[in-house]
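Report on one structure; see the data block that follows.
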């Protein structure tokens with residue numbers, strides 16, 4: 001999938017290890033999302049975004065929270081003065097699924113819009 | 001200061017190690033704030049709040065963000081499905097100041113209101 005296809009895709013309910021992406025597919029998707037890195041032994045992807053001040057970071061978290069609710073796929077966030085750190089993982093598959101990359105692409109799109 | 005006095009106080013601009021609270025004062029304030037613990041070798045205080053779902057945690061972060069802007073004293077937050085972890089420290093004094101405890105009390109008050 002291209003970055004644009006990821007941005008336009010919707011998350012699907014996924015449960016079970018059969019939906020966990022193998023390493024080659026993870027790597028193929030990761031190159032479509034510059035700035036995102038593998039974390040937690042490949043079970044998670046993350047990106048750190050920078051902002052001016054606190055409210056920029058919180059506003060971004062809100063926009064991403066809106067998307068997360070729409071997609072029913074939620075990030076773990078760390079935020080404070082000037083930063084918002086985003087982490088996606090799919091606990092129900094025990095690692096990374098297509099949903100994580102879809103939401104990562106949508107997070108990036110918030111900054112591009 | 002009592003918990004109530006902390007809740008009603010306002011943060012003041014503080015800069016310099018002379019505003020860093022000594023351990024006995026830190027401990028005296030900490031007992032006024034059940035649930036808060038010392039972190040980072042005594043340079044930070046934190047509390048974890050639990051919520052139902054993602055939006056509860058994000059809404060709490062927003063309310064706390066409003067207070068942080070009013071007080072010009074900002075937390076570091078970690079949030080996701082069902083949780084919001086709050087951390088206060090005063091970088092400009094190199095540890096804990098009265099401002100951290102004031103904002104911690106105001107964070108607790110959000111749940112009591």
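Some notes on this structure:
- Among the residues of B:46-58, the average count of other protein chain beta-carbon atoms within 10 Å of the residue beta-carbon is 2.
- The listed peptides B:46-57, B:22-33, ordered by packing as a protection proxy, come out as B:46-57, B:22-33 (highest mean of other Cβ atoms within 10 Å first).
- Using a 7 Å Cα-to-Cβ projection, residue B:71 label spacings across copies, nm, ascending: 3.4
- Helix B:53-71 axis, angle to chain B major axis (alpha carbon atoms, nearest 10°): 30 degrees
- Between this copy and the others, label points of residue B:37 are 2.8 nm apart in ascending order, each placed 7 angstrom from Cα in the Cβ direction.
- Cα long-axis angle, helix A:98-112 against chain A (0 to 90 degrees, to the nearest 10): 30 degrees
- Nearest-to-axis residue in chain B, judged by Cβ distance to the rotation axis that brings B onto A and given in whole Å, is B:78, 2.
- With neighbour counts taken as other beta-carbon atoms within 10 Å, the residues A:108, B:76, B:100 rank, fewest first, as B:76, A:108, B:100.
- Note on A:73-81: average number of Cβ atoms from other chains within 10 Å of each residue's Cβ is 6.
- Other copies of residue B:22: label-to-label distances in nm, shortest first, labels 7 Å along the beta-carbon direction: 6.5
Taken together, the values in this text are just the output of simple stated rules run on the coordinates, not laboratory data. Computed from a predicted structure; not experimentally measured. Note that each Cβ is placed from the backbone with ideal geometry, even for glycine, and that neighbours are counted across all protein chains shown.
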